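In what follows, a structure is listed as C-alpha cells, so that the remarks can point back to it.
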Amino acid sequence: MRRRGLWTGLVLLLVLNLSIVGAASELTGAAIMERVDANMHFESSHSTMEMVIQSGRREMVKEMIIWSEGEDSLVEFTNPGDRGTKYLKLDDELWMFFPDAEDLVRISGHMLRQGFMGSDMSYEDMMVSDKLTELYSFELVGEETLGDRQTYVVEAKAQEGAEVSYAQRRVWVDTDSFVPWREELYAVGGRLLKVMEILETAEIDGRTYPIEMAVEDKLKQDSRTYVRVKDIEFDVDIPDDLLSLDSLTF
Amino acid sequence: MSQVLLRLAARNLWRQRRRTLLTLSALAFGVLILLVMDSLFAGFDDLGSRNLIDFETGHLQIRHQDYGDDGTSLSMDHAFRDAYLDSVRSTAGVSAAVSRLTVFGQLHTGREEYYIQTVGVDPAADPQVFPLPEFNAGDWLTPGEFQMVMGGRAAELLDLSVGDYATVVMRTVTGAFQALDFQIVGLLHTPHPKVNRMTAYVPLDVLQSGLLAEGMVTEITVRSDNRDLQGLQTQLAALAADRGELEVSTWQQTAAAFLAIGESKAAVNGIFLMLIMLIALVGVVNTVLLGALERTREIGMLKAMGMREREVVGEFLYESFIIGAIGSLLGCALAVLFNAYFVQSGIDFGVLVGDMDIGYPISGVVFGVWNWPLVLVVFAVGTVVSTLAGVLPAVRAARRDPIWALRQ
C-alpha cells in the first residue's frame, strides 16, 4: 500500500491512489491508475504552496509550508491572515491548531465535510485515503484528446456498499506522462459536483509533477480554487518529532 | 389611639405631598416593571416551549441512543428502519406519531451556497404531529414529488420564491454525495426562527429514495394528550426494548438546553427584580428619614405632651405603611392594565430584534402570561417591606430626648 500524506491530498487529490499488485502489462483502467500513482509516489517531501480561492469577485490568497512523510503531514499557513494556523494529519486523523485561541481541535464528523480554509476542497477531499482500489472499480472507457494531449479516460465507480464521498469519478490520464490532467467527481445521481484540472507540470527529479492545478465546484458559479506549488523537494529528512501533536502547539 | 396616629400619619404625608408622590411612584414603578417583566419572560418561555414542541420535538421523540454524539446529528449515521412506527401509533395515549428523516444539506442556487437542515416528512401525516404553520406563499408538499417547502427567511436571503428550483447536496447512507433538485412550492412563516432561517421540508419518500435509504428515518415523533408523559415514555421504551439501539425522550429532555436557559434566566431575573425593589425601598427609607429630621421639634413637643416612644414609632410606621400599600397597589393596578394588553395583543419581539438568531427558539409576537399569585405576593411584599423600612428611622426619631429635640 502506497503511503500518502495531507500534502498529496492537497496537490493530488486528483490522483486515485492505488496499489495494484502485479505488472501492468495490459493497460486496463486499474493499470493506468497504477502508473499515475507510481509517478506521484514519494517517501517524504517538503514544499511551499499558494492557494488562491476565488468566489465571485472575492479572492483570497493563502500560503503554506507542507512537510509530508508516509501517512502523516503537517501544513502551516504563512500568509498574514492565517499565520500560525496548522493542520496535522496523523494516519486518518486530522488535527487543527489555531494560534489565536491556542486551541487544538480534532476535525471529525460533519466538520470534515466543510470547505478547507474556505476553498472548494473539503477536508475529506484532502484526507483521500489510500484504499481507493478497495472502494472503486476502474474501467478504461476510451481515449480522448484533451487540448493537444492524448489521454486515456478512466471511469471509477464506487463498489457496492463502499463508504465514499463521490459515487463516480472520471479521470483523463496522459498516454505518455501518465499525468491525470482532469478529473471529474460525481454525485450518486450522476450529477457533476467538482472538476479538478492540472494546469501546469514541471520535471522534478526525473518525474513529471503537477505544480499548478484548479478545483472548481460545479454547483457554485464563479467559484474556483487554484493551488500552485512554489517549491518542492522529494525524499527529504524530516525531524522525527515534527509530525506529532506536540509540534502543533509550538 | 391608633386612629389618631393613622390620621396624623396621613396628614404628615399630605404636608409633603410632592415627596410622598415621588416615593410612591418610585415604588409603583418598581412593582410595575417587576410584574410586567415576569409576565413577558413567562411568555417567552411559553412560546419557546410551544415552538420546540410544534416544530422540533413533539411531546416524545424516539431516536437512536447515540444520535447527536460525536457530531452525528443531522447525518444518516444513526438512521433506523421505521417499522416501529405502527406499534407506536397504536399505543394508548399516543394521539399521533410520524417519522422524519432529518439530514444536513447544502442548498445551492447557483451563486449562493447555504447550509440547511433538510427534513423528509410524510406530507399527509406530519401535520397531525407538527401543525402546519402560516404560509408566506404557496402550499404544502405532495408525496412522491421533488418539492420543497422552506422557511421564508432563508428564501428571502437566497432570493428564492415559489416556483424556483434549488439543488440540495446531501450524503447518502454510505456517505456519498447526492445532489437533488427540488421545486419550491411553499414558503413558511413561523414563530420559530430556526424553521424560518434554516429548514427545508421535502417529501419523505423522495428523500429516502434519493439518499438510498428506503424505509430509513432519524426520528419518530409523538404527540400526546396524555399528561403523564413519563408514563407514556416508559411504555414506548418497553416497546423499543427489543430494538436495543432506540431511545425515547420527552420534549423536556430533548430541549434540556433551552429549559436550562430558562432556569438560569429565572435566577438572573430574581436578582434584577430584587434590585428594583431595593431602589424603591431606599426611596421609602429616605422619605421617612427626612420626615423625622424635619419634625425633630414636633416630635419633641409630642413627647413632652406625653406621647410614648411606641406611639411615635407607630406614627412613622403608619406613614411608611401608607406609602408602601398605596405604591404597591398602584403598581399592581398599572401592571394589570399593561399586562391585559400584553396578554391580549402581545408585543412584537421581531420589531425589537428583527429575525436575529438570539439562541432562542422564538421570533415574532410574545404574549404576556397572567400570574395572579405573584401579583398578590408582590403587593404584600411591597407593603410589608416598605413598612419595615420605616422602622429604623422611626425608632431613631422616637428615642430623641424631648428637651434636646425642642431646642433644635
Cα centroid distance between segment A:143-168 and segment B:116-147, in Å? 38
Summing -39500 (n - 2.57) over every DSSP H run of at least 4 in the protein assembly as shown, dividing by its residue total and rounding to the nearest 500, the 222 nm mean residue ellipticity is -11500 deg cm²/dmol
Centre separation in Å (Cα based) which lies between segment A:23-96 and segment B:1-65: 63
Compute the normalised compactness of the protein assembly as shown: alpha-carbon radius of gyration over 2.2 N^0.38 Å, N being the residue count. 1.39
Per-residue accessible area, 1.4 Å probe, largest first, puts A:W172, A:W95 in the order A:W95, A:W172
Taking the simple approach of a point 7 Å from Cα along Cα-to-Cβ for both B:D225 and A:Q159, what is their distance in nm? 5.6
Nearest-0.05 FRET efficiency for B:L376 and B:E214, computed from C-beta distance (R0 45 Å): 0.15
Can you figure out the FRET efficiency of B:L278 with A:D205, using R₀ = 60 Å and their beta-carbon distance, to the nearest 0.05? 0.15
In sequence order, calculated HN-Hα J values of segment B:132-145 (Karplus, 6.51, -1.76, 1.60; Hz; x Gly/Pro): 5, x, 5, 9, 5, 7, x, 9, 7, 6, 10, x, x, 9
Over chain B, what is the mean sequence separation of C-alpha contacts under 8 Å (at least six apart), divided by residue count, expressed as relative contact order in percent? 26
Report the accessible area of B:E309, computed with a 1.4 Å probe over the heavy atoms of all protein chains in place, in Å² rounded to the nearest 10. 80
On average, how many beta carbons from a partner chain sit within 10 Å of the beta carbon of a residue in B:168-175? 5
Dipole check, the protein assembly as shown, charges on Cβ (K,R +1; D,E -1), about Cα centroid: among B:G30, A:P99, A:V195 the Cα furthest to the positive pole belongs to B:G30
Could you give the angle, 0 to 90 degrees to the nearest 10, between helix B:309-345's Cα long axis and the longest principal axis of the Cα atoms of chain B? 30
For a quick check of understanding: with a 1.4 angstrom probe and all protein chains in place, what accessible area in square angstrom does B:E298 have, to the nearest ten? 70
Can you give the charge dipole size of the protein assembly as shown about its Cα centre, rounded to the nearest 20 debye, using +1 on the beta carbon of Lys and Arg and -1 on the beta carbon of Asp and Glu? 6080
Checked segment A:145-250 against the a/c 1.5 cut and the a/b vs b/c comparison, axes a ≥ b ≥ c from its Cα gyration tensor; verdict oblate
Could you check the simple spin-label distance between B:V391 and B:R111, using points 7 Å along Cα→Cβ, in nm with one decimal? 7.2
Can you give the average number of partner chain beta-carbon atoms within 10 Å of each beta-carbon in peptide B:103-111, as a whole number? 3
Across peptide A:202-215, how many C-beta atoms of other chains are within 10 Å of each residue C-beta, on average? 0
Measure nothing but the geometry: give the 0 to 90° angle between the long axis through the Cα atoms of B:372-389 and the longest principal axis through the Cα atoms of chain B, rounded to 10°. 30
Using a 1.4 Å probe on heavy atoms of the protein chains only, the accessible area for B:Y341 in Å², nearest 10, reads 130
Considering only protein heavy atoms, what per residue accessible area in square angstrom results for segment B:66-244 with a 1.4 angstrom probe? 39
What pairs from A:K86/A:K230; A:K62/A:K157; A:K86/A:K220 go past 22 Å between their alpha carbons? A:K62/A:K157; A:K86/A:K220
Treating only Lys and Arg (+1) and Asp and Glu (-1) as charged, each at its beta carbon, one finds that segment B:66-244 has a dipole about its Cα centre, in Debye to the nearest 20, of 240
For B:L157 paired with B:A257, estimate the spin-label separation in nm (one decimal), with each label point 7 Å from Cα along the Cα-to-Cβ line. 1.7
Please list, in order, the residues from segment A:208-250 whose amide nitrogen is less than 15 Å from a point placed 7 Å along the Cα→Cβ vector of A:E102. A:248-250
Projecting the Cα atoms of B:P127, B:V202, B:A237 onto the charge dipole of segment B:66-244, where Lys and Arg contribute +1 and Asp and Glu -1 at Cβ, the residue farthest towards the positive end is B:A237
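The values are calculated or read from the model by the stated rules, or taken from the named source; none is laboratory data. Keep in mind that what you see is a predicted model, and the values were worked out from it rather than measured. Cβ sites come from the backbone with ideal geometry, for glycine too, and all protein chains shown count toward neighbours. Just the protein is used for accessible areas: all its heavy atoms, side chains included, with ligands, DNA and RNA removed. Shrake-Rupley method; radii C 1.70, N 1.55, O 1.52, S 1.80 Å.
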